[in-house]
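Peer 1: Can you keep this structure in mind? I'll have questions shortly.
Laboratory data are not the source of any read-out in this text; all were calculated from the coordinates shown. Not measured: the values here are computed from a predicted model. Glycine gets a Cβ as well: all are built from the backbone with ideal geometry, and neighbour counts include every protein chain shown.
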Amino acid sequence: MSSRRLLKAAEAIREVVSMAILTELRDPRVKNVTVLGVEVAPDMREAKVAVSIMGNENQQRTTLKGLQNAAGFLQTRIAERIDTRYTPRLTFIMDDGVKKSVAVQQILEQIARERQADDDDSPPKE
């Protein structure tokens with residue numbers, strides 16, 4: 001199967017899964033989830049869904065467990081909306097990229113504030 005076709009399938013799966021999570025999933029454990037991407041196996045039998053979950057570690061684990069429990073429901077939605085020979089089995093993985101980028105942004109802002117405070121404290125140059 002061509003890589004372009006796999007990329008198109010992965011994007012279609014990402015759209016279906018993200019919309020189903022947002023509008024159809026009624027599991028109270030699943031909240032504050034962003035679907036970042038999907039990686040589809042070459043035979044289209046498995047798909048890894050990368051998600052970002054906001055909250056502490058306990059909330060993230062609970063949400064991830066809720067997503068795994070809803071995998072069958074989401075696979076049904078994929079089968080209804082995407083015409084493929086196989087409906088991929090979904091596994092959800094955490095992507096900490098968003099959390100890390102927020103942490104880096106906070107560190108950079110703190111450094112900028114410290115530099116600004118140092119500049120304000122230094123004597124004026126003549």
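Peer 1: Identify, by number, the condition in (1) within 19 Å of R77 (Cβ to Cβ); (2) assigned to a helix (DSSP H, G or I) that A50 doesn't meet.
Peer 2: A50 satisfies all of (1) within 19 Å of R77 (Cβ to Cβ); (2) assigned to a helix (DSSP H, G or I) except (2).
Peer 1: Now for a separate question. For the range 53-102, give me the residue count where each residue is outside any helix (DSSP H, G or I), surrounded by fewer than 17 Cβ atoms within 10 Å (Cβ to Cβ) and small (G, A, S).
Peer 2: Count: 1.
Peer 1: Out of G72, G66, which single residue is closer than 16 Å to D27 by Cβ and either touching a Phe, Trp or Tyr at 6+ places or on another chain (Cβ under 6 Å) or without any contact (Cβ under 8 Å) to a residue 12 or more places away in the chain (or both)? Walk me through how you get there before you give the answer.
Peer 2: On the way: G66 fails: either touching a Phe, Trp or Tyr at 6+ places or on another chain (Cβ under 6 Å) or without any contact (Cβ under 8 Å) to a residue 12 or more places away in the chain (or both).
Matching residue, one of G72, G66: G72.
Peer 1: Could you run through the range 52-105 and say how many residues are basic (K, R) and either within 19 Å of N32 (Cα to Cα) or in contact with a Lys or Arg (Cβ under 6 Å, 6 or more places away or on another chain) (or both)?
Peer 2: Residues that pass the stated criteria total 4.
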